[in-house]
1. Full-extension gain between Thr214 and Gln92, please, as 0.36 nm times their residue separation minus the C-alpha to C-alpha distance.
2. If you take the square roots of the eigenvalues of the alpha-carbon gyration tensor of the stretch 1-76 and sort them as a ≥ b ≥ c, do you get rounded (a/c under 1.5), prolate (a/b over b/c) or oblate?
3. Ignoring ligands, DNA and RNA, please state the percent of accessible area on the stretch 116-164 from carbon and sulfur, probe 1.4 Å.
4. About its Cα centre, what dipole magnitude does the chain give when the only charges are +1 on Lys and Arg Cβ and -1 on Asp and Glu Cβ, stated in debye to the nearest 20?
5. Averaging over every viewing direction, what projected area does the convex hull of the Cα atoms of the stretch 62-174 cover, in nm²?
6. Largest first, please: the extent of the C-alpha atoms of the stretch 48-106 along each principal axis, to the nearest Å.
7. Provide the gained length on full extension for the span Ser24 to Asp177, in nm with one decimal, where the gain is 0.36 nm per separating residue minus the Cα-Cα distance.
8. To the nearest 10 Å², what's Lys197's accessible area with a 1.4 Å probe?
Amino acid sequence: MTANEKRQAVVDKYRGILGRNLYSQPRRTYCFTKYANGKYYSDCSSSVALSYRAAGYPIRDKNGYTCPNTVGLYSSPDLKQVNVTIQKGVIQNPDALRVGDLLLFAGSDASRAAAGYVGHVEMVYRINGSKITICGHGSGTPRTTEMVTYCKSRYAQKTGTKLGNRGLIRVMRRIADDGAGGSEAQNTDGKEDADVKKIEVTGNTVNLREGPGTQYGVVKVVKKGEQLDAIAEENGWIPVLVDGKVRWIKGNYTKEAETPSA
């Protein structure tokens, strides 16, 4: 897949939650999995991060969690800052943007000074010539909107932080341009990095699934003794890298692989 195809795969995942999910921080991980009442939930950061994860390109915070909040996105080792010029909250060189780029906006929390007072995230949804559409999840349900208009409206919102407004503070990218290298190669091509560890399958035959739960489809069966590249355990399920894609295995059917003797 090309970089553009990978980015489009993420947007296609997000398209599925437009107008559907309800806003909730306590239930933010139920973006693609139904809650007990049969409804779906997310917030701004989980709607973006879980769309990336569902497409096979997880975004981790510095602790390896693949459903980070906006502070986790701000400092994520998987994201690279895009070189844009921002004046009065508006990007002056929009040609630098790509579909799937994350626009991080300031909030009103003064305790987040070290993270630029970040408080909200939107994602580039479509680029049509000079018109750029972004998607995001505030109150209500996920929706799309025109980027410049939204950026101006955020900049006009005043806060008590030293920044003084809720405008755009930076743009981040998960999937690098073809041939450019960068953060996209860290997790999606099957290569190990510092946060990937080896685990060994302990069950006789264990299912690998599309997501962290038995409600997700089985994509492969692994056998006892096989070793997998794991990212970080979440709620008893472990995301593993298989053929450049993130798959999920139940943690109680694995153990940390022994390091071979020198």
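The values are calculated or read from the model by the stated rules, or taken from the named source; none is laboratory data. Keep in mind the model is a prediction, meaning the values are calculated, not measured. All Cβ positions, even for glycine, are placed from backbone atoms using ideal geometry, and neighbour counts span all protein chains on display. Note: areas computed on protein heavy atoms with side chains; ligands, DNA, RNA excluded. Shrake-Rupley method; radii C 1.70, N 1.55, O 1.52, S 1.80 Å.
1. Working: separation 122, 0.36 × 122 = 43.92 nm, distance 4.62 nm.
Result for the pair: 39.3 nm of gain on full extension.
2. Values: a/c = 2.19, a/b = 1.19, b/c = 1.85.
Cα axes put the stretch 1-76 in the oblate bin.
3. Numbers: 1160 of 2360 Å².
Ligands and nucleic acids excluded, carbon and sulfur reach 49 percent.
4. Details: 38 positive and 26 negative charges, 202 e Å.
Approximately 960 debye in magnitude.
5. Numbers: hull surface 27.9 nm².
Computing the convex hull of the Cα atoms and averaging its projections yields 7.0 nm².
6. Between the extreme Cα coordinates on each principal axis of the stretch 48-106 lie 33, 22, 15 Å.
7. Values: separation 153, 0.36 × 153 = 55.08 nm, distance 3.33 nm.
Full-extension gain reported as 51.7 nm.
8. Counting only protein heavy atoms, the figure is 100 Å².
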